[in-house]
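Asks: Pasting a structure here, questions to come.
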Amino acid sequence: MLISRRGAKAQRVGEASPVQKNSGAWRQKLLSVSKKRLALLAVGLVIIITAVALVLVKASDESADKATYFMTEAQADTKKLEQLKSAAPPASAPVDKRAAYLSELGHASAAVGDYKGAVSAFDRRISVKTNDITYEDYLDIAGYYHKLNDPANAVRMLDKALEVLPRQDNPDELYYYRGEVTRIDNLRAEFSK
């Protein structure tokens, strides 16, 4: 049965037209190109996934290394504190030696998070020899009091830090002095909250 008549050629039902025949070839060509593109896309995705996996593995290795480092450092601080506690100088030792020991004990106690022990060691240090405690020592002690939620003593230590802050006539160092005074005022305001 004839559906239409165009020119001399007739199309029968169920027969593909020349346009349909050509479109089938194009469809096959598009599918083959798409398969190539899909294969390239799949290779690209595999490369990206591999790269991300390598980055994640490297990051987890670095995290493990950092955790090990910090754990090792904490263990070293604890060991140092234990050694210091067992090697206390006798009361008959020279004042300088006892003062240095107590400063070291205070810093070691703070390093392991024992701020109460640090404050205690520095208080004993101050009672042994007062005249050579530095500005930085007083700032450290003020910080330890602050971590113990004792703002009154923290501010008291900041005031002592101001007392021992070296005053200079040199204009360059005067700016440093003013900066440190401002720093102490800011800390005082923070510690007083």
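The values are calculated or read from the model by the stated rules, or taken from the named source; none is laboratory data. Since we're looking at a predicted model, the values are computed, not measured. Ideal geometry is used to build each Cβ from the backbone, glycine not excepted, and the neighbour counts take in all protein chains shown.
Asks: Of all residues in the stretch 138-166, how many are within 15 Å of Asp185 (Cβ to Cβ) and not in a helix (DSSP H, G or I)?
Replies: Number satisfying all stated conditions: 1.
Asks: Hey, another quick one. What's the total number of residues in the stretch 112-125 that are surrounded by fewer than 19 Cβ atoms within 10 Å (Cβ to Cβ), part of a helix (DSSP H, G or I) and not basic (Lys, Arg)?
Replies: 3
Asks: Taking the options Ala53, Ala25, name whichever one is at pLDDT below 80 and exposed (fewer than 13 other Cβ atoms within 10 Å of the Cβ).
Replies: Ala25
Asks: So is Ser109 surrounded by fewer than 16 Cβ atoms within 10 Å (Cβ to Cβ), of a type in the set (S, T, N, Q), in a helix (DSSP H, G or I) and free of Cβ contacts under 8 Å to residues at least 60 places away in the same chain or not? Before the answer, list the steps.
Replies: Working: surrounded by fewer than 16 Cβ atoms within 10 Å (Cβ to Cβ): no; of a type in the set (S, T, N, Q): yes; in a helix (DSSP H, G or I): yes; free of Cβ contacts under 8 Å to residues at least 60 places away in the same chain: yes.
In short, no.
Asks: Shifting gears a bit: Kindly list the number of the only condition in (1) out of contact with any Phe, Trp or Tyr (no Cβ under 7 Å at 6 or more places or on another chain); (2) in a helix (DSSP H, G or I) that fails for Ala93.
Replies: (2)
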